[in-house]
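See structure below.
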Amino acid sequence: MEWRDTYADRMNLIGDTAVIELLKLAERPDVLSFAGGLPDDATFPMEAMKEVAVQVFETHGSMSLQYGPTAGYTALREWIAGRMGPVEGVTATVDDIIVTTGGIEAMDLIAKMLLNPGDVIVVEAPTYLTAFSVFRCYDVDFVAVDIDDEGMRVDLLEAQLAELERRGKRAKLIYTMPTFQNPGGVTMPLERRRRLVELADRYNIPILEDHAYAELYFEHAPPPSLKALNPDGVLFVSTFSKIFGPGIRLGWIAAPPPVIAQLCQAKLGSDQCSSTLGQRIVYEYGRQGLMDSQIVLSRALYQAKRDVTLDALKEHAPPGLTWTRPDGGFYVWLTAPEGIDSTAMLAWAVEHEKVAYVAGPSFYTDGRGANQFRLCYSFLDQSLIGEGISRVCRSVAHHVERRHRDRIGV
């Protein structure tokens with residue numbers, strides 16, 4: 001069969017595979033990879049997890065392997081809702097929660113519920129590349145709003161929304177990660193959060209708040225979530241991938257009950273229900289206080305890795321290389337001197353320095369970010385981070401020097 005003649009047009013919306021092919025190189029055992037946003041295996045308390053899994057089979061029996069409610073295991077939804085009060089400052093009930101197959105399905109369900117072809121969605125620039133891939137499948141138009149060290153620039157957002165209104169259009173959704181943003185690592189302060197929810201409310205635009213990393217803070221807890229500031233207008237998405245383990249493939253959405261009902265309809269045509277076994281394991285694990293203990297361990301581990309990363313950058317960075325300083329999460333965002341191509345540099349770095357990262361254009365809707373790139377410090381062994389950063393910096397220095405030679409004709 002000639003499969004190329006059978007693919008749906010929507011496959012053309014997903015984009016090219018250049019990044020996928022480059023990241024395959026990073027799987028080589030001789031490469032130190034800062035590419036994938038994986039949690040550290042050391043944060044998984046395997047014995048405790050194993051004991052809970054056995055308990056689930058012993059106490060829940062065959063129900064652990066049955067189909068479950070589309071909205072999710074009721075006891076888990078109640079636990080999530082109850083925890084959102086003290087952790088997020090959000091008053092929620094079981095009817096405000098739907099359990100999803102990870103954060104990506106959560107975003108896909110919201111997109112399926114809200115977006116028609118040609119609709120406008122606001123995203124950050126740069127933004128989480130997988131969310132971008134999800135939204136592209138719905139044939140939408142993007143409005144990209146630059147971030148700075150305090151997250152999405154609300155002044156630019158206001159100007160963009162006014163321009164859309166002038167043209168007789170409106171945004172259908174605002175997607176933002178205000179806490180430990182991926183890839184920027186930056187966090188939006190409280191006053192800017194207030195301005196954002198007020199602006200969205202004025203234009204009657206729902207906000208999709210991606211909360212994936214917010215519990216992994218270091219010195220200080222972040223400001224209240226957008227959901228806490230506007231419970232009715234914010235679709236809150238979070239995941240157990242970073243605070244339990246990505247293999248469990250579970251996340252959740254907190255939204256008003258009528259919205260949850262619509263999301264359940266959307267989920268019926270997606271996977272009907274998320275893993276019943278996984279949900280019961282997460283519930284028992286969380287109910288016993290083990291997840292909160294794991295989060296405390298994770299914060300300390302990732303803070304130590306963040307510190308090693310920043311110290312190594314300070315020691316090895318060539319002139320002109322700048323970076324963000326995250327207060328939590330997994331990522332540092334770097335900007336090399338103008339004229340450096342981070343995509344070409346990645347291929348060179350993998351082959352010659354045996355180090356990998358993710359090039360900047362992958363995080364932009366319009367291909368910008370040529371001289372930017374993301375480092376993830378969460379997965380690489382802490383003892384190797386310093387050497388890895390040294391290799392990254394040598395790669396930047398090599399390309400800066402090569403560009404200088406090209407410009408002077410040497």
Exercise for the section: State whether one or more residues within the stretch 203-224 are closer than 19 Å to Arg306 by Cα, charged (D, E, K, R), in contact with a helix residue (DSSP H, G or I) (Cβ under 6 Å, 6 or more places away or on another chain) and touching a residue at least 40 places away in the same chain (Cβ under 8 Å). Expected result: yes
Exercise for the section: Among the candidates Leu208, Leu263, single out the residue that is buried (at least 21 other Cβ atoms within 10 Å of the Cβ) and farther than 17 Å from Glu88 by Cβ. Expected result: Leu263
Exercise for the section: Within the stretch 58-72, count every residue that is part of a helix (DSSP H, G or I), of a type outside the set (D, E, K, R) and surrounded by fewer than 15 Cβ atoms within 10 Å (Cβ to Cβ). Expected result: 5
Handout entry: Val122 vs. criteria crowded, with 23+ Cβ neighbours inside 10 Å, in the same structural domain as Gln265 (by TED's automatic domain parsing), touching a helix residue (DSSP H, G or I) at 6+ places or on another chain (Cβ under 8 Å) and among the aliphatic types (A, V, I, L, M)
Key = yes
Practice task
Can you confirm whether the stretch 314-333 contains a residue that is part of a strand (DSSP E or B), under 21 Å from Pro189 (Cβ atoms) and among the polar types (S, T, N, Q)?
Solution key: yes
Handout entry: Subset of the stretch 147-160 [assigned to a helix (DSSP H, G or I) and in contact with a strand residue (DSSP E or B) (Cβ under 7 Å, 6 or more places away or on another chain)]
Key = Leu156, Leu157, Gln160
Exercise for the section: Return yes or no: is Arg287 over 17 Å from Phe44 (Cβ atoms), surrounded by 21 or more Cβ atoms within 10 Å (Cβ to Cβ), in the same structural domain as Phe57 (by TED's automatic domain parsing) and of a type in the set (Lys, Arg)? Expected result: no
Problem - When residues of the stretch 285-313 are limited to those that are polar (S, T, N, Q) and in contact with a helix residue (DSSP H, G or I) (Cβ under 9 Å, 6 or more places away or on another chain), the one nearest to Tyr213 (Cα to Cα) - result: Ser298
Fill in the blank from the handout: Counting only helices (runs of 4 or more DSSP H) wholly inside the stretch 73-145, the ones holding at least 3 residues that are within 21 Å of Ala228 (Cβ to Cβ) and basic (Lys, Arg) are none
Exercise for the section: Kindly indicate whether Ile248 is without any contact (Cβ under 8 Å) to a residue 40 or more places away in the chain, within 24 Å of Ala214 (Cβ to Cβ), assigned by TED's automatic domain parsing to the domain that holds Ile80 and surrounded by 16 or more Cβ atoms within 10 Å (Cβ to Cβ). Expected result: yes
Practice task
Note down all Cβ pairs under 7 Å where the first residue falls in the stretch 280-301 and is farther than 17 Å from Tyr73 by Cβ, the second is in a helix (DSSP H, G or I) and hydroxyl-bearing (Ser, Thr, Tyr), and they're at least six residues apart or on different chains.
Solution key: Gln294/Thr43; Leu297/Thr43; Ser298/Thr43; Leu301/Thr43
Practice task
Consider only pairs whose beta carbons are under 8 Å apart and that are at least six residues apart or on different chains; among these, list those whose first residue lies in the stretch 184-200 and is over 12 Å from Leu157 (Cα atoms) and whose second residue is basic (Lys, Arg).
Solution key: Gly185/Arg325
Exercise for the section: Mind telling me which of the residues Gly82, Gly68, Gly72, Gly61 ends up being closer than 18 Å to Glu215 by Cβ and of a type in the set (Gly, Ala, Ser)? Expected result: Gly82
Exercise for the section: Might you let me know whether the stretch 341-359 holds any residue that is in a helix (DSSP H, G or I) and polar (S, T, N, Q)? Expected result: yes
Exercise for the section: Could you please find all residues in the stretch 335-364 being within 30 Å of Ala214 (Cα to Cα), surrounded by fewer than 23 Cβ atoms within 10 Å (Cβ to Cβ) and without any contact (Cβ under 8 Å) to a residue 60 or more places away in the chain? Expected result: Thr335, Pro361
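The values are calculated or read from the model by the stated rules, or taken from the named source; none is laboratory data. Because the structure is a prediction, the values reported are computed rather than measured. Backbone-built Cβ (ideal geometry, glycine too); neighbour counts: all protein chains shown.
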